[in-house]
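The values are calculated or read from the model by the stated rules, or taken from the named source; none is laboratory data. All values derive from a computational prediction rather than experimental measurement. All Cβ positions, even for glycine, are placed from backbone atoms using ideal geometry, and neighbour counts span all protein chains on display.
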């Protein structure tokens, strides 16, 4: 493999501690440390910090899930996140 596989972790826990998110990150760190494959990993805090990534910058997207209502409630993050999902 010539270039790293670029992975975006979408933290949707709204600043609540979540062992599932920690486990996802640890799995990728373990894989990276025990394999020759090049992996880059970046975490985006979608709900709490309204962080959104560019779809073109990543190969794989993994969302954590999280507490709260999954339906539209009028938050600024909802449309950019919906656009990301539609783009994927």
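Looking at segment 30-52, which of its residues are modelled with pLDDT under 85 and touching a helix residue (DSSP H, G or I) at 6+ places or on another chain (Cβ under 7 Å)?
Once the filter is applied, which keeps residues that are modelled with pLDDT under 85 and touching a helix residue (DSSP H, G or I) at 6+ places or on another chain (Cβ under 7 Å), segment 30-52 yields only 52.
With the requirement that a residue be closer than 30 Å to residue 79 by Cβ and touching a strand residue (DSSP E or B) at 6+ places or on another chain (Cβ under 9 Å), what does segment 16-38 give you?
Kept after step one, since they are closer than 30 Å to residue 79 by Cβ, are these residues of segment 16-38: 16-25, 28.
The answer is 18, 21, 24, 25, 28.
Every residue in segment 53-88 that is in contact with a helix residue (DSSP H, G or I) (Cβ under 8 Å, 6 or more places away or on another chain) and within 11 Å of residue 12 (Cα to Cα), please.
From segment 53-88, those in contact with a helix residue (DSSP H, G or I) (Cβ under 8 Å, 6 or more places away or on another chain) are 53, 55, 61-62, 64-65, 72, 84, 87-88; that's our starting set.
Scanning segment 53-88 gives 62, 64, 65.
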